[in-house]
Structures are given as structure tokens and as C-alpha cells.
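One structure is given here, and the rest of the page talks about it.
The values are calculated or read from the model by the stated rules, or taken from the named source; none is laboratory data. None of these values were measured; they are calculated from a predicted model. Every residue, glycine among them, receives a Cβ derived from its backbone with ideal geometry; neighbour counts consider all protein chains shown.
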Amino acid sequence: MKPIKRVPEFIRFVMVGILATALHYGAYFLLQTFLDVNIAYTLGYALSFIANFYLTAYFTFGRKPSWGKAFGFGGAHLINYLLHIGLLNTFLWLGLSKPLAPIPVFAIAIPVNFLLVRFVFKRKN
């Protein structure tokens, strides 16, 4: 695929990513006030994962969801989740507040996630 054709796909990915990130952060922000931050972050991640899978399949890549893609998406997100939780704890350890620590995590992990998810949805079956 030529780079110019990837631009609309990337724009759709960003739109889905903004929604998924807002869901993730909103759930985390509410839950971290009374739950452990790792549990709150994980629950927010799970919520955004479900929405993200369906939106990514239909809207970003124009593909029908399948069990194979779900497993691939889940594998990509397992790697992404481990990156997220590691970075979250690193930024908390460095002194960022609980409400602000996810912000740099998103800035680092979202581009990595695009590459992983794109591979899952664009690979040949």
C-alpha cells in the first residue's frame, strides 16, 4: 500500500483511538479514586478494548470482525496492555500524580498499538 493511501486509514485510526482513549481514561479517572490504580487502569483498558475492536474492524479498516482477528487483536493488545501498565507504573514511580500518569502513557503506547493492530487487520489470511 502506498503511503498516501494510508493517510485516511490513519485518520480513522486516530478517531477510533481518541474515543477508545477517552473511554479508557474516563473509566480510569473515576475508578482510581476508590480502587488500586492498576485495577482501575485495567478495567478502563478492558472497556476501551471491546469498543476499540469493533470500531477498528468496521470503521478503521472496513473489515468484518472474526474470531481470528479477535485473537490477533487480543494478542496485539496484550502486548500493548503490558506496555501501558509498565509505563503507568514507571510514571507513577517517577512522581506523576495518579490522574496525570496515563497521559504520557497514551502518547507512547498509541503509536505502537497502531502498528500492531494494523498488522492484525491487514495481514493476509
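Pairing each residue of region 81-106 that is of a type in the set (Val, Ile, Thr) with any residue that is part of a helix (DSSP H, G or I), provided the two are 6+ apart or on different chains, yields C-beta distances under 6 Å for 105/84; 105/87; 105/88. Do we have residue 57 as among the small types (Gly, Ala, Ser) and under 16 Å from residue 120 (Cβ atoms) here? Taking the combined requirement at face value, the residue satisfies it. Being β-branched (Val, Ile, Thr) and in contact with a Phe, Trp or Tyr (Cβ under 9 Å, 6 or more places away or on another chain) is a property that holds for residue 60. Could you give every pair whose Cβ atoms fall below 7 Å, whose first residue belongs to region 57-78 and is within 22 Å of residue 8 (Cβ to Cβ) and surrounded by 12 or more Cβ atoms within 10 Å (Cβ to Cβ), and whose second residue is among the hydroxyl-bearing types (Ser, Thr, Tyr) and at pLDDT 80 or above, counting only separations of at least 6 or pairs across chains? Every condition considered, the pairs that remain are 65/54. Every condition in (1) out of contact with any Phe, Trp or Tyr (no Cβ under 8 Å at 6 or more places or on another chain); (2) within 15 Å of residue 23 (Cβ to Cβ) is met by residue 77 except one, and the failing one is (1). Take the conditions (1) in contact (Cβ under 8 Å) with a residue 40 or more places away in the chain; (2) more than 19 Å from residue 115 (Cα to Cα); (3) within 18 Å of the chain's Cα centre (by Cα); residue 32 misses just one of them, which is (3).
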